[in-house]
Amino acid sequence: MESRQHSTSKEPEIELFVKAGLDGENIGNCPFCQRLFMVLWLKGVKFNVTTVDMTRKPEELKDLAPGTNPPFLLFNKELKTDFIKIEEFLEQTLGPPTYPHLSPKYKESFDVGSDIFAKFSAYIKNPRKEANINFEKALLREFHRLDVYLNTPLPEEIDQDSVEDVTISKRKFLDGDHLTLADCNLLPKLHIIKIAAKKYRDFEIPGDMTGVWRYLNNAYACDEFTHTCPADEEIEHTYASVARKMT
């Protein structure tokens, strides 16, 4: 297991438990674990991260959270499970003025990528060559929907008094120029798709999807995202048994 710390704040006492990788120590492939890791990092609160080797779950963790798989959280020694409830708890508990709110301003920022991972899962698991094109088209439709949203200016990007029309958004992320809970949800999934779909289906996000690529390039420039990503090998190993060979 591995422990990490961020920031210099003294309170509260927080420990996040995430899935360990192949070596039993580094971060494993788990988008929900990364989601909470990003949330805590963006909050700017001090916290420890402990990786849990699922092949030999330590006895102390069996006592701490019996029957529970990562991610889970200890907040001032109180166990929190269910990543969605943990995220809601952190957003409510760690708020201004000490910590930033991370909820997106626009509901569509959360909704726009909601089907993309399901379409990817169907695509990567499909073993029938003749059906591959339809699964790929379904995935591309979701990427197109995301691309359109990212290229459509948000209301605050449009100056009503300006003579020039803003036709293409320049924002960095889903909801503006700051990472929000919407990004913590979507970015880990996009990273998995980018790695696994290339490895097992030779699929790449089209270069003309300028909104998606602007978004990804801005995300990869952020420590909160890149330093919480699992190694590519972790993702490839996860999908080695999932990606069906097409016949």
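The values are calculated or read from the model by the stated rules, or taken from the named source; none is laboratory data. Note that the structure is a prediction, hence the values are computed from the model and not measured. Cβ coordinates were reconstructed from backbone atoms using ideal geometry, including for glycine residues, and neighbour counts include every protein chain displayed. For the accessible areas, the whole protein counts, side chains as well, though only heavy atoms, and no ligand, DNA or RNA atoms are used. Shrake-Rupley method; radii C 1.70, N 1.55, O 1.52, S 1.80 Å.
Here are a few things to note about the model shown:
- Per residue, the solvent-accessible area of the chain (1.4 Å probe, heavy atoms of protein chains only, all protein chains present) comes to 52 Å².
- Taking all Cα pairs closer than 8 Å and separated by 6 or more residues, the relative contact order of region 57-193 comes to 20 percent.
- Stokes-Einstein diffusion coefficient of region 102-242, Kirkwood radius over Cα pairs, 37 °C, 0.692 mPa s, in µm²/s: 204 µm²/s
- The phi torsions of region 147-159, fed into the Karplus equation with coefficients 6.51, -1.76 and 1.60 and a -60° offset, translate into couplings of 4, 4, 5, 5, 8, 7, x, 6, x, 6, 7, 9, 8 Hz, rounded to whole numbers, with Gly and Pro shown as x.
- One chain, two ends: VAL148 and GLU130. Fully extended at 0.36 nm per residue, the span grows by 3.6 nm beyond their Cα-Cα distance.
- At the listed q of 0.12, 0.21 Å⁻¹, the Debye profile of region 188-247, built from one uniform point per Cα, gives log10 I(q)/I(0) equal to -0.33, -0.89.
- Cut-off 15 Å between beta-carbons: net charge of the residues surrounding GLU108, Lys and Arg +1, Asp and Glu -1: -4
- Amide H contacts of ASN48: ILE14, GLU15, LEU16, each under 5 Å away and 5 or more positions distant or on a separate chain (H built 1.01 Å from N in the peptide plane; Pro and chain starts excluded).
- In sequence order, region 132-146 has phi-based couplings of 4, 4, 6, 5, 5, 4, 5, 5, 5, 4, 5, 5, 5, 4, 5 Hz under the Karplus curve 6.51 cos²θ - 1.76 cosθ + 1.60, θ = phi - 60°, and Gly or Pro positions carry x.
- Nonlocal amide H pairs with MET54, under 5 Å, H built at 1.01 Å: ALA20
- Near the amide H of ILE27, within less than 5 Å, lie the amide hydrogens of GLY21, all on another chain or at least 5 residues away, with H placed in the peptide plane.
- Pairwise centroid distance, computed over Cα atoms, of region 163-230 with region 25-43, Å: 17 Å
- Relative contact order, percent, the chain [alpha-carbon distance under 8 Å, six or more residues apart]: 22 percent
- Pairs of alpha carbons in the chain whose separation is greater than 29 Å (percent): 35 percent
- Modelled spin-label separation between GLN92 and LYS62, with each label point placed 7 Å from Cα along the Cα-to-Cβ direction: 3.4 nm.
- Karplus-derived 3J(HN,Hα) values for region 17-29, using 6.51 cos²θ - 1.76 cosθ + 1.60 with θ = phi - 60°, are 9, 10, 5, 7, x, 4, 8, x, 10, 6, 5, x, 7 Hz; glycine and proline are entered as x.
- Taken over region 8-119, lysine pairs spaced eight or more positions apart, or on distinct chains, with alpha carbons under 15 Å apart number 7.
- Relative packing of 107-119, 186-198, which averages over residues the other C-beta atoms within 10 Å, highest first: 186-198, 107-119
- Modelled FRET efficiency - R0 30 Å, ASP82 with ASP111, Cβ distances, 0.05 increments: 0.90
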